[in-house]
Structure formats: C-alpha cells, structure tokens
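Read the structure below first, then the notes.
Laboratory data are not the source of any read-out in this text; all were calculated from the coordinates shown. Every value quoted in this text rests on a predicted model; they were computed, and no experiment measured them. Here the Cβ is made from the backbone with ideal geometry for all residues, glycine too, and neighbour counts use every protein chain on show.
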There are 2 protein chains.
Amino acid sequence: MSEKTTHATVDDVAALAGVSTATVSRCLNAPERVIPATREKVMAAIRTLNYTPNFGARALASRRTGIIGAVVPTLENAVFAHGIEAFEQAFPPGKFALLIASSSYDPQREREQIEALVARGASGLMLVGFDRDPAVYEWLKNRRVPYVLAWASGDSRPYAGFDNEAGIAEMVGMVLELGHTEIAMISGMTEGNDRARGRLEGARRALAGAGLDFRGVAEVPYGLETGARAFEDLIANHPVTAVICGNDVLAAGALRAAHRMGLRVPQDVTITGFDDIDIASITHPELTTVRVPHRRMGSEAARLLQQLIDGKEGESVLLPTRLMARGTHAPPRRKDLSAPA
Amino acid sequence: MSEKTTHATVDDVAALAGVSTATVSRCLNAPERVIPATREKVMAAIRTLNYTPNFGARALASRRTGIIGAVVPTLENAVFAHGIEAFEQAFPPGKFALLIASSSYDPQREREQIEALVARGASGLMLVGFDRDPAVYEWLKNRRVPYVLAWASGDSRPYAGFDNEAGIAEMVGMVLELGHTEIAMISGMTEGNDRARGRLEGARRALAGAGLDFRGVAEVPYGLETGARAFEDLIANHPVTAVICGNDVLAAGALRAAHRMGLRVPQDVTITGFDDIDIASITHPELTTVRVPHRRMGSEAARLLQQLIDGKEGESVLLPTRLMARGTHAPPRRKDLSAPA
DNA sequence: CGGATTTATGAAAGCGCTTACATACGGTCG
DNA sequence: CGACCGTATGTAAGCGCTTTCATAAATCCG
C-alpha cells in the first residue's frame, strides 16, 4: 500500500511457496510433519522474504509465549546474578527467553513486577524466598501461573534451595567449638526476607543450644559500608571475640573495618561470612564462610519450573551447604593469662 | 464449556459492566477518554472477574509488546550485572519489561540470542560492544529493531559508553610517571571483544608514546584464577615492576598471587585494575583502578533506547572514566642501590 | 433556542498465526 | 480389485484484543 514495505506474513510465504498457510506453520512448528520437498520450498520462501513470525499472533493462536520470568531483589548481589545466569542457561536455548525484574527488596514493587511479568506473557516464574503476601500466591494460583521459589527451603510450595538455618548453625557450631563465648552477629535486614531471618534465627538457636546468646546483633542493609560500620559499632560496645555475618559482603566490610581499626584477623577477632562468593577468596586473610551452590540452585530451579510448566508434578530440591574453613577464624584470645605456660 | 472456568475476556467484562469492548479497552489504555462513572463500572467488573488482558492478543492488535531486550556476555561479571540493573530500573515500571540473555562471550550464541529476543517481541535491544558480524546489524536494520550499544564508544551506531583506550591510557600514564619502565599487562580475551582490545591497545599506545613496549602480555579469560596464574607466569619470565590488568577481577587475582608469592604490593610490584567494582576496595591494599560509571551507563542506555523506540533521533552518550589512585601503585623498586642515602 | 461542536460510547473489522477438521491420494490387504 | 487406512496438505474458524469510523448525547454560542 505505502512504499514502506510492510513485513512479510505467513500468507506471503504460503503464496510464494505455493502451499497453504497451515503448511508454512507446520514447517516452523513441527517440521517432521511436512515432507522434505515441501519443507524446502517453504524454507526457501521464508528466506527470500526475510520472514519472521509475528510474536503476538503466534502467542495468541498457540496460547504459549515461551517466556519465563524471574524476580530477584537485585542483580547487584552476586549470588542472584550467578543464580540467574545459571537459571537462564538451563533452559533450552531457542525455546525460552527470560524476563527479569528486580524488586529492590520492596514487597510492593515485587508484587507489581510479578504482575508485569505475567502480563507480558510469562508462563512460569522464579521468585526468591517465601516471605510474601498470601494474596500474591492466591493471584498466581488463580491465573494458573506455575512458579518456583529459590534461595530458601522447607515450604510446601515448590522450591529449589538450601537450608539457611542449618548452614549458619554449622558455622556457629564451629565457632563455639573454637571456644568463643562472646559472639555478635551482623545480619542482613530480616523484614520480608526469610533468608536473612533464617540465618539470624539459625545462629541464635545454635547459640542457645550451648546456653549462650549473642552479645550484640546489628541488622543492616546489604553492602560493604554497612557491614563495616556495624562492625565498628559492635566492637566498640561489646567485648566480642567473634562476629558472625549474614553474608560475605557484610563480612568483607567487617574485615575491612577490622583492618582499619588495627585489629588482627583472626588472632584478635574471628569473622565469618555466608555464600562463598568470589569476594570471599580475595580478602586477606581469605574468608571463612558457608558455601552455597548458587549456580546449581539456579539450574535446579529451571528444571523444576520446566516440569511445572509442562504440567508435571515436580519435586522440590534441597541443596547442601558446606562450611569453608579458611583464614578468618581462630580460637579466642585468652584474657586469662594465668593459663599454663 | 468444561467445568474448568476459562479466563475472563474483554467480552465478559464488557457484558458485566454493560458497555462495549471498546470502552473496556479504553479504560485500560487511555482511562482519560472514559468518564469516571463508566470507568468505575468497568473497573469493578474487571475486579470481580479477576480479569487480566491476554498478552498475545494485545500485542497482536496493538503492535506493541512493551518488551525490551538485552544481551550481555555474562551476568557473572559484576559490571554487567550492575549495568543491567540500572538499565532495567531506568524504564518506567509498568510500561516495559526486560528480556535478558547471556551469550557467554560467544558471537554465534549472541546472534541466536538476539534473534530469540526479537522473536519474543523485543521492540528494542541493548547490546554490549561493537564487535559483531555486520550481518547481525543488517538483520536488525531489516526488522527495524532499534538498539543501543553499551560499554564502548566511538562508533557511528547509537551507543552509551566510555572510552576504554583513554581510560587505560590515563592509568598507564600515571604508572610511567612513577618511573616504571618494566611493565607487563594481563588482558582479557580480545577476540570479538572490543572492550578488552581497546584497553590493550590503549595501553600499548600510551607506552609507545614514551618509547616503550610491554615486557610481556598475557591474554586470559575473565576470572580470579586466570589472573593469578597469568601474574605468576609474567613475574617468572620477565623482570617487571608493574602489571597493568584489563579489569579488576584479573587484578584481584594477580594481587592474590603476589601475596602468595611473598611479593609486597606496592613496594615490590605495582598492580592496577579497571572498572572499579566492589572487589577493588576490599583487596588489601585497596586496588588502584579506573572507575567506570557502569550504573550511569545503564540508565543512559535505557534513556537512549527509549528515544529510539519512540522514533526520535537520540544522541549517543560518552561517559567519563576516572583514575582511582588507591593502594597498589608506587614507584618501582630501585635496583640501583647507589642512589643517595 | 437551534445549529455547530465536542465528547463519550458502540459496532465491527481486522491483527497474523495455529489447529481442528476435511480432503485427496497412494498403498495394503483380504 | 474394492474397502480401508495412513499420510501430506488444504480450508477456515477462531485466538482476544485494539482501533477506526459512526453515532448519540452533551455542550456551546450567537
């Protein structure tokens, strides 16, 4: 009509190849149902017309989009970046594409993001953690959108995760074994964040098992700076010999603060992390932390979600964590100098 | 038909609200064109029916998807994770959603990803760097898909980036000024990667300006380990006093290797990075590096892409880099001990 | 107060594809 | 050799929405 050529459609291809639109469609979606000779003609026509199927039309007619969505708190946190990367790569390349949104740890925003992704045709969702307004789960259920929860475990909903409480408990156990009794914790913000809360509570419980409690607890937003500041406060106000951190970034910040305060790690103070991201092995000394299989979790989540999308059952997967005893832990300094020579 | 209620459609909403489908559509897409009274009725109907528009139908009829795409080499590299995060947040919340794919630095895979995103309805793309088969650009042009290139600069195509060569040149300039002459470089893989190549060439040119050349150059994949290994090799085979690294992760690896080899940094050897990601400020000593405004770049790219999608002109943006002189640089150790006391 | 505007809504024609279902055509087998 | 069957392709009916155009109602103004 206008001089600007409009895009080729199935009809154009069908006409040029001398077949019906149904055959063209079949060539694209179920090539084995078309004999090679015909298929060749069609493919040639597609090539010469530079044809690509219209996404909307295809989605409308087939009721499938091949889009799956993920909402994470932030990509700035390496654990999510790595998990998402693995998640994406676990899907068969051409078949699915990944729609990503980040919520900045804001429940309201997360909710909007979820709705936005579903509105954009996501046929399955990966979400982080369990903490969430029940209405959101209800909404998802109404729309029959399958989802899998990651970075957490133990819920009746489908998840691919690990046990935050058990992981931190193992770490606290080791610290207790070293002889520490004056222990503090720098935790991530626990509100609406079951991972952080699980770690804090798991640690507290482990301590309670030994008849102890934290000398101090700081709850701070994710970040190097916040970890450093929290460490300074804690040290200034409590006679602690060990600081358990809710994640590696907080621990790295604490470690930096310790250095700047002239404290030797681990001789003067023990500092531990959680996650075992890259950062943990470049601090000096290297960070004692808990390894979490973030990548593996991402791919397991992908596998599980695919099953759910296909209407199969799909079993949640619980991944193990592992204590990485590196260089930031040691027995507490003896205050009691009357000990045997 | 079946007992399983199928989803509500515009028709259902229209019927319940006692209006036409056109009005329902307008309520959703241009509320100001419907008087409040009517709008209320419609919204109520939408609520009671739990209606959400069908994505495919909407895309088909309106020829818009509200999906924009991005292909990065990997999310594991913090620079991309941060850039993407900012990119995503720069779009008006409900209006767009971000489709992400990672290419693992594989041009072939990148190409497939680009096609997959466009096939999924992406109406604009963010790509990393310029190096790319011209056929890809041709393809994009044919389909009239606007795109913006990030993390690089100087091309005639729309970009939001910075000058890799200038950034590294400033760093090399400083190292030369300190008196170093025996210099080596650990570069990222340059094939198909204009960022790495720009940094390597920029450094080489800066050196040539002082009549020098590198004593050694290692070209290695991204990673802490590869950086460490390259550093060991370089030190073992060349009498270098400074090692310029193509990025912070390589530099952090080199720094760790230096520590393990018993070298003091910066007294024995100067090590520099590029990017200024978090990691750069937790090494010990903190890394001397080049700051790149990754987040800012992400949001500028988003702004530019939106203009292009809207059919406006849109001007490329060149962001400045900045030398961050921290703790890993110093004058070279004097071999000549006859210097004045 | 009547004709000219403006504004709110409705009717209906697609958007470009997928997919029953129908058809045609060889080949099999009793 | 005819009834039957399987396979390759065609016909055409939607999928659920947006949008143009038409119409009806409200508003304005001389």
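Taking Cα centre as origin and charging only the Cβ of basic (Lys, Arg, +1) and acidic (Asp, Glu, -1) residues, the dipole magnitude of the stretch A:10-62 rounds to 100 debye.
Each peptide in B:105-111, A:191-197 gets a packing score, the mean of other Cβ atoms within 10 Å over its residues, and the list from highest to lowest is A:191-197, B:105-111.
Plainly put, the tip 7 Å out from Cα toward Cβ on A:PRO320 is 5.4 nm from that tip on each other copy, the closest given first. Computed across the protein assembly as shown, the Kirkwood hydrodynamic radius from all distinct Cα-Cα pairs reaches 27.7 Å.
The dipole here belongs to chain A: it is taken about the Cα centre, uses +1 on the Cβ of Lys and Arg and -1 on the Cβ of Asp and Glu, and is about 920 debye. Computed log10 I(q)/I(0) for the stretch B:62-201 at 0.11, 0.16 Å⁻¹: -0.46, -0.87, from the Debye equation with unit scatterers placed on every C-alpha and solvent omitted.
Overall, the ratio between the Cα radius of gyration of chain B and 2.2 N^0.38 Å, rounded to two decimals, is 1.32.
Projecting the Cα atoms of B:ILE67, B:ILE114, B:VAL79 onto the charge dipole of the stretch B:60-124 (Cβ charges, centred on the Cα centre) puts B:ILE67 farthest toward the positive pole.
Set against the 2.2 N^0.38 Å expectation for a compact globular protein, the stretch B:37-94 has a Cα radius of gyration ratio of 1.73. Can you grab the distance from the C-alpha centre of the stretch B:247-301 to the C-alpha centre of the stretch B:178-206, Å, no decimals? Centre-to-centre distance over Cα atoms comes out at 15 Å. Along the axis of the charge dipole computed for the protein assembly as shown (Cβ charges of +1 for Lys and Arg, -1 for Asp and Glu, origin at the Cα centre), the listed residues B:ILE271, A:THR288, B:GLN306 are led at the positive end by B:GLN306. Among beta bridges identified by DSSP and lying wholly in the protein assembly as shown, the antiparallel ones come to about 15 percent.
Using only the Cα atoms of the stretch A:198-341, build the gyration tensor, take square roots of its eigenvalues as a ≥ b ≥ c, and label the shape rounded, prolate or oblate: rounded if a/c is under 1.5, else prolate if a/b is larger than b/c, else oblate. Spell out each step's value before the answer.
On the way: a/c = 2.37, a/b = 2.05, b/c = 1.16.
Prolate, since a/c reaches 1.5 and a/b exceeds b/c.
May I ask you to derive the relative contact order of the stretch A:10-62, considering only C-alpha pairs under 8 Å and at least 6 residues apart, and to give it as an integer percent?
33 percent
Between 0 and 90 degrees, the angle of helix A:224-237 with respect to the longest Cα principal axis of chain A falls at about 20 degrees.
Relative contact order, whole percent, for chain B stands at 16, derived from Cα pairs under 8 Å and 6 or more residues apart.
Stretched out fully, how many nm does the piece from A:SER62 to A:THR181 gain, at 0.36 nm a residue minus the Cα gap? So the extension gain works out to 36.5 nm. Principal-axis analysis of the Cα atoms of chain B puts helix B:164-177 at an angle of about 20° to the longest axis.
Counted by Cβ distance under 13 Å from A:ALA101, the other residues give a net charge of -2, where Lys and Arg count +1 and Asp and Glu count -1.
What separates the A:ARG333 label point from its copies, with the point 7 Å along Cα to Cβ, is 3.1 nm, written shortest first. Would you compute the Debye intensity of the stretch B:10-62 from its alpha-carbon atoms alone, equal scatterers and no solvent, and pass along log10 I(q)/I(0) at q = 0.15, 0.22, 0.23 Å⁻¹ to two decimals? Each listed q corresponds, in turn, to -0.36, -0.76, -0.82. Just going by the charge dipole of the stretch B:10-62, with Lys and Arg at +1 and Asp and Glu at -1 on Cβ, which of B:LEU28, B:PRO53, B:LEU16 is farthest out on the positive end? Toward the positive end, the furthest listed residue is B:LEU28. In the structure shown, the pairs A:LYS95/B:LYS95; A:LYS312/B:LYS141; A:LYS41/B:LYS312; A:LYS141/B:LYS95 are assessed against 32 Å; a Cα-Cα span above that value is assigned to A:LYS312/B:LYS141; A:LYS41/B:LYS312. Counting only Cβ charges, +1 for Lys and Arg and -1 for Asp and Glu, the dipole size of the stretch B:1-127 around its Cα centre is about 560 debye. The mean number of Cβ atoms from other chains found within 10 Å of a Cβ in peptide A:276-283 is 5, as a whole number. Across the identical copies, the label point of A:GLU182 (7 Å from Cα in the Cβ direction) is separated from its matches by 4.8 nm, in order from shortest.
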